[in-house]
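Read the structure below first, then the notes.
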Amino acid sequence: MTVVIVTEAEYKKGQATFVNTPEMTFVPASNEETFLAAAIREANARYVILGHAQYNDDLYRALPPGSVLARFGVGHDGIDKGKATAAGILCTNTPGTLDDSVAEHTVALLLAISRKLLPMTAAMRRGIWDQELGQEVRGSKIAVIGAGPIGRRVAAMTSAGFGMRVALCDRARAGKKTYEIPGVSVVESYEEAVADADFVSMHIPGTKENLHFLDCERLSKLRANSWLINTSRGSIVDEVALYDLLARGSIAGAALDVFTVEPYVPSAPDKDLRTLDDVILTPHVGSYTAAAVRRMAERALRNVQMAMEGRYGEMDLLNPGVLEHLKSGL
Ligand code: GLV
């Protein structure tokens, strides 16, 4: 029986799909690299379905050439594709499975901010009937930073759905725009996008190049009345700089679904984002909907099945160069 090692959180999320695949045995394992590698070695496994944690070292020594690391999700910043390729490991993700869910969560945060849902709920729990003046989003401006599938979805939803003014910042594809979203202006510079924005929503991947993309300097370009929304990756924000900015009241607030360390640990002990007002926090649930979870489980499983059948061309391969390595026997 084929053994598939699955990191615990993903095992729980995908269980309904996994139980319908009786020809494979799914074994839950810790997402911590040393324990995950030990579980792989113990089971002699070749197939691993895993979350978005960082894997830097032992994992790539625990798997034999031709084995599969299948991300249960889209972001693959946690996988070292160079090390995987050198070890002959095929890496995949699940493109297109979660775009709507993450975009919808972004919009949920946007509306929670503009209609002040959290302070009113907190007040009512204390027995206080305090009507907070809301803000209609129609006509206000959102800067969507990152024009991948999720950023484009957010741009389309906020433009067509709410009549917001949308500046979609597409730095990666500067000058090579291949899409058109009605009512959305595409700009190439971050500074231009955020200049007069009421909301700034981040949708760039957690690559090394994007580490602390929002540093002091870029954060300082946000207006005093603007809100930051981040549903992409915590690593793109310097959380200490963000804390300082919020504590000084230099921006209106932040709605964060992703953090440098997850579960959240403050980047500095005295800069705990949870202690600030005007910060909305959710525990990385942008893609955590029943529909997206099912699609991710099915797609990750399909990638494993395609590898088992040697149908590499049908996989969502993140490191296609690995096929050459495998052909040349490493
Ligand atoms: C979730 O954050 C993912 O990248 O899949």
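Rule-based calculations on the coordinates, nothing more; no lab input. Here the structure is a predicted model, which means the values were calculated and not measured.
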Inset, instruction - Under 14 Å Cα to Cα from Lys271, which aspartates and glutamates show up? Leave out anything in the same chain fewer than 8 places away. - result: Asp238, Glu239, Asp244
Inset, instruction - Find the centroid of the Cα atoms in the stretch 50-108 and in the stretch 179-236, then give the distance between the two in whole Å. - result: 24 Å
Inset, instruction - Using Cα positions and a limit of under 14 Å, work out the aspartates and glutamates in reach of Lys176, with same-chain residues fewer than 8 apart set aside. - result: Glu188
Inset, instruction - Send over the Kirkwood Rh of the chain, from the inverse of the averaged 1/r over different Cα pairs, rounded to one decimal Å. - result: 21.2 Å
Inset, instruction - Wrap a convex hull around the Cα atoms of the stretch 99-281, take a quarter of its surface area, and give that in square nanometres. - result: 10.7 nm²
Legend entry - Distance from the stretch 265-293 to the stretch 112-131 (C-alpha centre basis), Å: 19 Å
